[in-house]
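Report on the following structure.
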């Protein structure tokens, strides 16, 4: 949960680096809370025809932090922010972006900042 809150505190910070753990824990909690928002939409009857209002509001609120942590994650492996667009290539692009997100951090400092893993160990 602390990783999720850390990403939200860095709402629109596209500078620096984000560890694998920070990215994946944010993604995990983001999916969990999105599921809760969808469930609340259904249970409260807000989703009469299609989608309710809670999930779109939640998704809109976490869009910028999600992109920011993705960019910082790319910085952590030494890639520029423009690599995020590789995900737009049908099939192969999404797989390649997933591989990039799974890749371990650069063990040394790079042009985007010091290794965050080294700072915490």
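Tabulated data
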item	result
Exclusive hit being under 24 Å from residue 9 (Cα atoms), surrounded by fewer than 17 Cβ atoms within 10 Å (Cβ to Cβ) and free of Cβ contacts under 8 Å to residues at least 40 places away in the same chain, set 45, 35	35
Selection from the range 12-71 of residues that are in contact with a helix residue (DSSP H, G or I) (Cβ under 7 Å, 6 or more places away or on another chain), part of a loop (DSSP other than H, G, I, E, B) and closer than 30 Å to residue 114 by Cβ	12, 13, 14, 16, 17, 18, 19, 62
Per-region count, the range 86-102, residues part of a helix (DSSP H, G or I) and in contact with a helix residue (DSSP H, G or I) (Cβ under 8 Å, 6 or more places away or on another chain)	9
Residue that is surrounded by the fewest Cβ atoms within 10 Å (Cβ to Cβ), among those in the range 1-11 that are outside any helix (DSSP H, G or I) and within 12 Å of the chain's Cα centre (by Cα)	11
Residue within the range 77-88 that is surrounded by fewer than 17 Cβ atoms within 10 Å (Cβ to Cβ), under 28 Å from residue 118 (Cα atoms), touching a strand residue (DSSP E or B) at 6+ places or on another chain (Cβ under 7 Å) and without any contact (Cβ under 8 Å) to a residue 60 or more places away in the chain present	yes
Scan of the range 95-110 for residues that are free of Cβ contacts under 8 Å to residues at least 12 places away in the same chain and either surrounded by 13 or more Cβ atoms within 10 Å (Cβ to Cβ) or closer than 23 Å to residue 11 by Cβ (or both), ordered by number	96
Pair list, Cβ under 6 Å, 6 or more apart: the range 3-16 residue touching a residue at least 24 places away in the same chain (Cβ under 8 Å) and at positive phi, other residue surrounded by 14 or more Cβ atoms within 10 Å (Cβ to Cβ) and not in a helix (DSSP H, G or I)	16/113
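A quick yes/no check of all residues on (1) closer than 11 Å to residue 65 by Cα; (2) more than 10 Å from the chain's Cα centre (by Cα):
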| site | (1), (2) |
| --- | --- |
| 14 | yes, yes |
| 17 | no, yes |
| 21 | no, yes |
| 25 | no, no |
| 28 | no, no |
| 32 | no, yes |
| 37 | no, yes |
| 40 | no, yes |
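Bear in mind that the values in this text are calculations on the coordinates, not laboratory data. Keep in mind it's a predicted model, so treat the numbers as computed, not measured. Positions of Cβ are backbone-derived with ideal geometry, glycine not excepted, and every protein chain shown enters the neighbour counts.
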